[in-house]
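Read-outs: derived from the displayed coordinates by stated rules, not from any lab. Predicted model, so just to flag it, every value in this text is computed and none were measured. Glycine gets a Cβ as well: all are built from the backbone with ideal geometry, and neighbour counts include every protein chain shown.
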């Protein structure tokens, strides 16, 4: 980043884009719930990085700065689009959003069940408010530490902890009807809840 900032080095910038493109794209897809918007936003993020290269503080971490730019761009997009207009991912990129599909699925039925579960979780994640969705995505999908999330979001670590707890509680409430293991009917026999 230093070469990009001080020398307008396009080769160094290309390396940064190559290194960060997929992570930023996945973040944008997960935040917006749309592969096409995510791809467009990722490109805009890198355009913004180059545009704001002079504002980068070399004493800070580049990762924190680029995550923050990406999240701000996602927040702007989410405010611009009506919430109901968030499209589902019905194309080949849909598995990018949540990577919880079992890799050791024994049968096609197991793989399909895992994909259906992933879609339910993805839909519930998209129903969370932006600030809760951001902490979950950064922690569980981008593997950032709580301290790093606090730096990216520019909030105290305690705020990250409380947002994480609330996000998980809300996600649990949203998923409970779908993933409740069993439910008794009026005759006392058990029936499985089916999505």
Sorted by Cβ neighbour density within 10 Å, fewest at the top, the residues 32, 64, 107, 159: 107, 159, 64, 32
Mean separation of Cα contacts under 8 Å (6+ apart) over length of segment 108-180, as relative contact order %: 35
Estimated distance in nm for a label pair at residue 114 and residue 54, the labels positioned 7 Å out from Cα along Cα-to-Cβ: 5.0
Three-way shape call for segment 1-83 based on the alpha-carbon gyration tensor, with the a/c threshold at 1.5: prolate
Mean Cβ count within 10 Å, highest first, over the residues of peptides 111-119, 42-50: 42-50, 111-119
Rounded, prolate or oblate (a/c below 1.5 giving rounded, otherwise prolate when a/b exceeds b/c) for segment 41-80 by Cα gyration tensor: prolate
Hydrodynamic radius (Kirkwood) for segment 108-180, which is based on Cα pairs only, to one decimal in Å: 13.1
Per-pair calculated FRET efficiency, R0 = 22 Å: residue 3 and residue 155 via Cβ, rounded to 0.05: 0.10
